[in-house]
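Asks: Shown below is the structure under consideration.
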Amino acid sequence: AGIGLLSIPYALSQGGWSSLAVFLAIAAICYYTGILLQRCMDASPLVDTYPDIGALAFGRRGRLAVAAFMYLELYLVAVDFLILEGDNLRKLFPGAAGFRLGGLRVGTKQGFVLAAALAVLPTTWFSSLSVLAYAAAGGALASVVLIAAVMWVAVLDGVGFHERGRLVRWAGMPSAVSLYSFCFSGHAVFPMIYSGMKDRRRFPRALLICFAVSTLSYGFMGVTGYLMYGDALMSQVTLNLPSGKVSSKVAIYTTLVNPLTKYALVVAPIAEAIEAALGVRKSRLLCALVRTALVVGTAVVALAVPFFADVVALTGALLSCTATLLLPSLCYLRVRAKLGYKKPWLETAACVAIVAVGAAIVVLGTYSSVKQIVQRLK
């Protein structure tokens, strides 16, 4: 649970109260598809990564397809992190001015994006999951502090819960569903975590606890933010918080910490794939250069398309939904058929239904988010 906590109130305002049912359905489906990935990995001792699952199911083309969606999703999540940092730093320091870099004029937000990129750069040079796990644990704690700070603003700083919201907003439903899908987009990292566990038998229990806690956290934050600001919600709830309040500053500082702790974990699979392809895994210097290039690339994209909600929605609709709904279901059905497993009709029907729902989200959500980005760039 990371930056999705910030966008979930906006997502609820886009879809209305009825979209909470869709949110819960997506959470349950994503947990189930996480279990499907585990089953695929258990089918062969040679499977360690998400692309390996694609290869087991569909051969070389499957590996390439899964890798393309997985790495692009993680890449855009890293971009979202930097956009978020820029937005919230500008909120925290409204009086900051831009500067000149050579012959280029760098605006306030652009400068903060570059500063965030420099801050996360050293964390990407660690390749050990055991080291990154402590940073991710810090990010989980930051999520708890963020929720508490927003509640403080509502209850003790006078904002209150005065907005009633709408029951349903059909026009904004594609954006809402896309953002909900983004909230549960950890599947690309699941195989790497599963491979690195000391006791793999604990994975289903760990996954269930994580999804339950994340769903409750997201739902609580979404309802709280919607009751506080209603249809006036911005792409990140922290941008709505009153300036000058200590609780608001705590919320924003916590928001800034979260991406810093999770950026390295998100880009680690991309870096490892590039290092393996180039054959430089044994050289720390070359690995550091690869990871530095990744940070530079995400910063460039964040500067070019600085629209947080729209980029998150595009990530959720096109990439997260594909990686969390479509690919796990398709790969599992294929692996099960290749290995001659029995075919319970209920399980098959569930996977087919997930594929149908996922395809609809991909088409409608991608169209909606791309349309919004194009309009903003004009």
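The values are calculated or read from the model by the stated rules, or taken from the named source; none is laboratory data. These figures come from a predicted structure and were not determined experimentally. Here the Cβ positions follow ideal geometry from the backbone for every residue, glycine too, while neighbour counts run over all protein chains shown. Just so you know, the surface numbers come from the protein's heavy atoms only, side chains and all, with ligands and any DNA or RNA stripped out. Shrake-Rupley method; radii C 1.70, N 1.55, O 1.52, S 1.80 Å.
Asks: Of all trypsin sites (Lys or Arg not before Pro) in region 179-243, which ones are in loop regions per DSSP and have a Cβ with at most 16 other Cβ atoms within 10 Å?
Replies: Numbers: sites: K198, R200, R201, R202, R205; in loops: K198.
The qualifying sites are K198.
Asks: Right, next: What number, rounded to the nearest 500 deg cm²/dmol, is the helix-based mean residue ellipticity at 222 nm of the chain, given -39500 (n - 2.57) per DSSP H run of at least four residues and division by all its residues? Each step should come with its number before you reach the end.
Replies: Values: 13 runs with 271 residues, N = 378.
When only DSSP H runs of four or more count, the value is -25000 deg cm²/dmol.
Asks: Is the C-alpha gyration tensor of region 291-376 telling us rounded, prolate or oblate? Criteria: a/c under 1.5 is rounded; beyond that, a/b larger than b/c is prolate, otherwise oblate.
Replies: Values: a/c = 5.32, a/b = 1.97, b/c = 2.70.
Verdict is oblate for region 291-376.
Asks: Stick to Cα atoms and the Kirkwood definition of Rh, then tell me Rg/Rh for region 194-302. Don't skip to the end; give the middle numbers.
Replies: Numbers: Rg = 19.4 Å, Rh = 17.7 Å.
Radius of gyration relative to Kirkwood radius: 1.09.
Asks: To the nearest 0.05, what FRET efficiency results for Y134 and S18 with a Förster distance of 41 Å applied to their C-beta separation?
Replies: Values: r = 40 Å, r/R0 = 0.98.
For Y134 and S18, the calculated efficiency is 0.55.
Asks: When ranked by the protection proxy of mean other Cβ atoms within 10 Å per residue, highest first, what sequence do the peptides 269-278, 224-233, 307-316 form? Don't skip to the answer; put the middle values down first.
Replies: Numbers: 269-278: 16.6, 224-233: 19.9, 307-316: 26.4.
Final packing ranking: 307-316, 224-233, 269-278.
Asks: Moving to a separate point now. Which FRET efficiency value, to the nearest 0.05, do you get for Y253 and A360 by plugging their Cβ-Cβ distance into 1/(1 + (r/R0)^6) with R0 = 45 Å? Please report the intermediate quantities before stating the final value.
Replies: Details: r = 39 Å, r/R0 = 0.87.
About 0.70, to the nearest 0.05.
Asks: Once all Cα-Cα distances of region 247-292 are split into 5 Å bins that start at 0, what whole-number percent is in each one?
Replies: Whole-percent P(r) values from 0 Å outward: 5, 21, 21, 14, 11, 9, 8, 6, 4, 1.
Asks: Now for a different question. Could you give the dipole magnitude of region 1-129 about its Cα centre, charging the beta-carbon of Lys and Arg +1 and that of Asp and Glu -1, in debye to the nearest 20?
Replies: Magnitude of the dipole: close to 420 debye.
Asks: Please report the base-10 log of the normalised intensity I(q)/I(0) for region 245-327, using a Debye sum with one equal scatterer per alpha carbon and no solvent, at each q in 0.21, 0.24 (1/Å).
Replies: Listed by q, the Debye log ratios stand at -1.15, -1.20.
Asks: HN-Hα J couplings of region 282-288 from phi, Karplus 6.51/-1.76/1.60, θ = phi - 60°, integer Hz, Gly and Pro as x?
Replies: Values, residue by residue: 8, 9, 5, 5, 5, 5, 5 Hz.
Asks: Shape call for region 179-233 from the C-alpha gyration tensor, a ≥ b ≥ c root eigenvalues: rounded (a/c under 1.5), prolate (a/b greater than b/c) or oblate? Don't skip to the end; give the middle numbers.
Replies: Numbers: a/c = 5.30, a/b = 2.57, b/c = 2.06.
Here region 179-233 falls in the prolate category.
Asks: Between K342 and F220, what length comes free when the chain is fully extended (0.36 nm per residue of separation minus the Cα-Cα distance, one decimal in nm)? Provide the component values of the computation, followed by the final result.
Replies: Working: separation 122, 0.36 × 122 = 43.92 nm, distance 4.04 nm.
Gain on stretching K342 to F220: 39.9 nm.
Asks: Here is a follow-up. Ratio of region 72-126's C-alpha Rg to 2.2 N^0.38 Å, to two decimals? Show your work: numbers first, answer last.
Replies: On the way: Rg = 12.4 Å, N = 55, 2.2 N^0.38 = 10.1 Å.
The value comes to 1.23.
Asks: Now for a different question. Using the Cβ atoms and a cut-off under 15 Å, what net charge is assigned to the surroundings of P191, where Lys and Arg are +1 and Asp and Glu are -1?
Replies: Working: positive: R39, R63, R200; negative: D42, D48, D52, E73, E272.
Computed value for this residue: -2.
Asks: If you roll a 1.4 Å probe over region 183-277 with all protein chains in place, what percent of the accessible area is carbon or sulfur? Before the final figure, lay out each step's value.
Replies: On the way: 2630 of 3900 Å².
Carbon plus sulfur share of accessible area: 67 percent.
Asks: Local charge sum around D48 (other residues, Cβ-Cβ under 13 Å, Lys/Arg +1, Asp/Glu -1)?
Replies: Numbers: positive: R63, R200; negative: D42, D52, E272.
Net charge in that neighbourhood comes out at -1.
Asks: Rounded to a whole number, what is D in µm²/s for region 96-252 from Stokes-Einstein with the Kirkwood radius over alpha-carbon pairs (37 °C, 0.692 mPa s)? Please list the in-between numbers first.
Replies: Working: Rh = 19.0 Å.
Approximately 173 µm²/s, per Stokes-Einstein.
Asks: Would you kindly compute the Cα radius of gyration of the chain and its largest Cα-Cα separation (Dmax), both in Å?
Replies: Expressed in Å, the Cα Rg and Dmax of the chain come to 20.5, 66.
Asks: Taking the chain as a Gaussian network, Cα atoms linked when under 10 Å apart, which of A268, A349, A140 shows the biggest mean-square fluctuation?
Replies: In the Gaussian network model the winner is A349.
Asks: Roughly speaking, to the nearest percent, how much of region 293-339's 1.4 Å accessible area is carbon and sulfur? Don't jump to the answer; show the numbers that get you there.
Replies: On the way: 970 of 1290 Å².
On region 293-339, the fraction of accessible area on carbon and sulfur atoms equals 75 percent.
Asks: Applying 1/(1 + (r/R0)^6) with R0 = 25 Å to the Cβ-Cβ distance of V280 and M192, what FRET efficiency is obtained, to the nearest 0.05?
Replies: On the way: r = 19 Å, r/R0 = 0.77.
Computed FRET efficiency for V280 and M192 comes out at 0.85.
Asks: If you take every residue apart from L256 with its C-beta less than 15 Å away from the C-beta of L256, what net charge results, scoring Lys and Arg +1 and Asp and Glu -1? Before the final figure, lay out the partial values.
Replies: Numbers: positive: R90, K91, K109, K249, K262; negative: D80, E85, D87.
Within the 15 Å Cβ shell, the charges total +2.
Asks: Mind jotting down the distance between the C-alpha centroids of region 49-112 and region 276-326, whole Å?
Replies: Answer, in whole Å: 5.
Asks: If the reach is capped at under 28 angstrom between alpha carbons, list the lysines near K109, excluding any in the same chain fewer than eight residues apart.
Replies: Here the lysines satisfying the reach criterion relative to K109 are K91, K245, K249, K262, K371, K378.
Asks: What's the long-distance tail for region 134-174, i.e. % of Cα pairs beyond 16 Å?
Replies: Numbers: 495 of 820 pairs.
Across region 134-174, Cα pairs with separations above 16 Å total 60 percent.
Asks: Further question on the same structure: Can you compute the label reach from A25? Point 7 Å from Cα along the Cβ direction, backbone N cut-off under 17 Å, restricted to region 183-223.
Replies: Only 183-184 pass the distance filter.
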